1. Give the stretch 213-229 a look and list any residue that's modelled with pLDDT of 95 or more and outside any strand (DSSP E or B), or say none.
2. So which residues in the stretch 147-166 are closer than 21 Å to residue 206 by Cβ and at pLDDT 95 or above?
3. If you check 191, 181, which single one turns out to be touching a residue at least 40 places away in the same chain (Cβ under 8 Å), touching a helix residue (DSSP H, G or I) at 6+ places or on another chain (Cβ under 7 Å) and either in a strand (DSSP E or B) or over 23 Å from residue 90 (Cα atoms) (or both)?
4. Which one is farthest from residue 164 (Cα to Cα) among residues in the stretch 125-149 that are touching a helix residue (DSSP H, G or I) at 6+ places or on another chain (Cβ under 7 Å) and part of a strand (DSSP E or B)?
5. Which condition breaks for residue 16 when tested against (1) touching a residue at least 40 places away in the same chain (Cβ under 8 Å); (2) under 30 Å from residue 235 (Cα atoms); (3) out of contact with any helix residue (DSSP H, G or I) (no Cβ under 7 Å at 6 or more places or on another chain)?
6. Spot the failing condition for residue 108; the list is (1) assigned to a loop (DSSP other than H, G, I, E, B); (2) buried (at least 16 other Cβ atoms within 10 Å of the Cβ), and only one is missed.
7. With 232, 206 as the choices, which residue is over 30 Å from residue 61 (Cα atoms) and at pLDDT 95 or above?
8. Please work out which residue is farthest from residue 7 (Cα to Cα), limiting yourself to the stretch 78-95 and to residues that are modelled with pLDDT under 95 and touching a helix residue (DSSP H, G or I) at 6+ places or on another chain (Cβ under 7 Å).
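The values are calculated or read from the model by the stated rules, or taken from the named source; none is laboratory data. The structure displayed is predicted, hence computed values, not measured ones. Positions of Cβ are generated from backbone atoms using ideal geometry, with glycine treated the same way; all protein chains shown enter the neighbour counts.
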C-alpha cells in the first residue's frame with residue numbers, strides 16, 4: 001500500500017469526519033513519528049508511520065469485519081428515510097469507516113449478518129458462482145411432508161420465472177415444525193417463497209451461518225462484535 005494523506009488515514013480509522021479531522025490536526029493534537037504534524041495533507045505510510053492522537057497510538061486497519069445478530073424489525077440497508085437500519089445499531093466510528101452489510105436479510109428475519117468495508121470480499125461471498133452456503137433455521141406453520149426434502153434437493157419451482165437452486169433441508173423438530181435450510185443464493189424472500197411453494201408458511205426465520213462463519217449465540221439480537229482472526233480466516237478476509 002502506498003502513502004496517503006494524514007486526514008484520510010485518520011478518517012479510515014473512524015476517528016472523525018474529515019472536516020473535523022482538519023481542525024484536530026491543525027490544533028497540534030496529532031503526531032507522526034513523534035513529531036507534531038499540523039498539515040492534514042501530509043503523507044504517511046500506513047504500514048510504517050507511527051501516528052498518535054493526543055499521544056494515543058492510532059493503528060491503521062484497511063478493513064473492518066463485524067458480526068451482527070440482526071434483530072427483527074430492522075432493515076438491512078445503509079440508510080433509510082423512515083425505518084431503522086442495521087447501521088443505526090453501530091457506533092458512529094464504524095459508520096465513518098463506510099461499512100455496509102454483506103447481502104441482506106428480510107426486515108423480519110433475524111440472525112447472522114456480516115458488515116464490512118471490504119467490497120471485494122463481499123462480492124466473493126455473494127457471487128452465485130462461488131456457491132457460498134447460507135444456513136437458516138425456519139419455523140413453519142405446518143409439516144409439508146417428507147417429499148419436501150427431495151423437492152428442495154432438486155430445486156423448488158417458485159413460479160414460471162424462477163426455480164431455486166438445489167438446497168439442503170433437514171427437519172430438526174416436528175412439534176413445533178422447525179427446519180434447517182442451506183441455500184446458495186439470496187433472492188428476495190427466497191426461503192419463505194420456497195416453503196410457500198410446497199404448502200407451508202414460515203413463521204420465524206433466522207440465519208445461522210454464512211459459509212464457515214457461524215453466528216455467535218452469545219450475541220443477543222441487536223448486538224455485534226468484530227470478527228476474531230480465526231473467523232476472518234474462515235471467510236478469506238485480510
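1. In the first step, residues of the stretch 213-229 are kept if they are modelled with pLDDT of 95 or more; the result is 213-216, 218-229.
Matches in the stretch 213-229: 215, 216, 218, 219, 220, 221, 222, 223, 227, 228, 229.
2. 148, 149, 152
3. Values: 191 fails: touching a helix residue (DSSP H, G or I) at 6+ places or on another chain (Cβ under 7 Å).
Unique residue meeting the criteria: 181.
4. 140
5. The failed condition is (3).
6. Unmet condition: (2).
7. Numbers: 232 fails: over 30 Å from residue 61 (Cα atoms).
It is 206.
8. So, considering only residues that are modelled with pLDDT under 95 and touching a helix residue (DSSP H, G or I) at 6+ places or on another chain (Cβ under 7 Å), the one farthest from residue 7 (Cα to Cα) is 78.
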